[in-house]
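All remarks here apply to the structure that follows.
The values are calculated or read from the model by the stated rules, or taken from the named source; none is laboratory data. These numbers were taken from a predicted model, which means no experiment stands behind them. Neighbour counts are summed over all protein chains in view; Cβ atoms, including those assigned to glycine, are modelled from backbone coordinates with ideal geometry.
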Amino acid sequence: MSRTARDGDVVRDLLSVAALLEEPPLARLYAYVHREGPATVREAIDALDLPQGTAYSYVNRLQEAGVLAVVSDEQPREYEAVDIELSLSADRGERTYTVAPMLVDAVGRRDGNDDIDTYTDRHGIAGLATALTYAVARERGEVTHQLMARDLDISPLEAEVILGALRPVVHHHVDVGVEGVGAETVRGTNDS
């Protein structure tokens, strides 16, 4: 494969993931299929309370983006989520952000969770990714909300609220009983 084709694939992947991070309902559908395994559009409609036309439109967009794949051509078709792991370097390589299903799941919960929505509005997607890192560490007993507040220069109340809101996301994606937070376990976090 030529360098240009690979670069085009990287740009396509980046744009696909960006759409997931910018549109919580789309992220919510991706996270549902990722969480539930192979699922039909009807199952997604019922579970997420989506209008039928919207659900089919989202499934088509996710397929075109390459993050949802058909696993059964029999009717009704079943789809599964393609794992995402996209790392981006910023600030001259000083920070690396990894976007993966856990972060997409958190973004997908913005519509139904005012705490995640407010935090993301204030601190952006990078701030939400950083909060996920702290949420994993907190669930493992490695940090407190006060430490997060001090490190990020936010109020202890804001730290406590976002950590509580992210708890279900963490418990779905990470085995919090395992010691240490490594790149293999924490996905969708800011590694700075």
*Of all residues in segment 76-101, how many are modelled with pLDDT of 90 or more and of a type in the set (A, V, I, L, M, F, W, C)?*
1
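Let's see how each residue does on (1) in contact with a Pro (Cβ under 9 Å, 6 or more places away or on another chain); (2) among the aliphatic types (A, V, I, L, M):
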{"site": "Glu43", "(1), (2)": "yes, no"}
{"site": "Asp46", "(1), (2)": "no, no"}
{"site": "Leu50", "(1), (2)": "yes, yes"}
{"site": "Gly53", "(1), (2)": "no, no"}
{"site": "Tyr56", "(1), (2)": "no, no"}
{"site": "Ala65", "(1), (2)": "no, yes"}
{"site": "Glu74", "(1), (2)": "no, no"}
{"site": "Glu78", "(1), (2)": "yes, no"}
_As an exercise: evaluate Val181 against (1) at pLDDT 90 or above; (2) over 25 Å from Tyr32 (Cβ atoms) and give the number of the one condition it does not meet._
(1)
*asked:* With the condition being within 17 Å of Val17 (Cβ to Cβ), I'd like the helices (runs of 4 or more DSSP H) fully within segment 42-157 carrying at least 2 qualifying residues.
replied: 52-65, 101-108, 114-139
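Considering segment 146-161 alone, what residues qualify as being closer than 15 Å to Asp115 by Cα and surrounded by 16 or more Cβ atoms within 10 Å (Cβ to Cβ)?
Result: Ile154, Glu158, Ala159, Glu160, Val161.
Could you tell me whether segment 52-63 includes any residue that is in contact with a strand residue (DSSP E or B) (Cβ under 6 Å, 6 or more places away or on another chain), at pLDDT 90 or above and not β-branched (Val, Ile, Thr)?
Applying the first criterion (in contact with a strand residue (DSSP E or B) (Cβ under 6 Å, 6 or more places away or on another chain)) to segment 52-63 yields 62.
Next cut, at pLDDT 90 or above only: 62.
Imposing the further condition that a residue be not β-branched (Val, Ile, Thr) reduces the set to 62.
Among the residues of segment 52-63, at least one is in contact with a strand residue (DSSP E or B) (Cβ under 6 Å, 6 or more places away or on another chain), at pLDDT 90 or above and not β-branched (Val, Ile, Thr), which makes the answer yes.
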*Six or more apart or on different chains, Cβ under 7 Å: which pairs go from a residue in segment 119-147 that's within 10 Å of Leu163 (Cβ to Cβ) to one that's surrounded by fewer than 16 Cβ atoms within 10 Å (Cβ to Cβ) and at pLDDT 95 or above? Could you list them?*
Ala135/Arg167; Glu139/Arg167; His145/Pro156
*What residue, among those in segment 1-46 that are β-branched (Val, Ile, Thr), farther than 17 Å from Ala100 by Cβ and modelled with pLDDT of 90 or more, is surrounded by the most Cβ atoms within 10 Å (Cβ to Cβ)?*
Val41
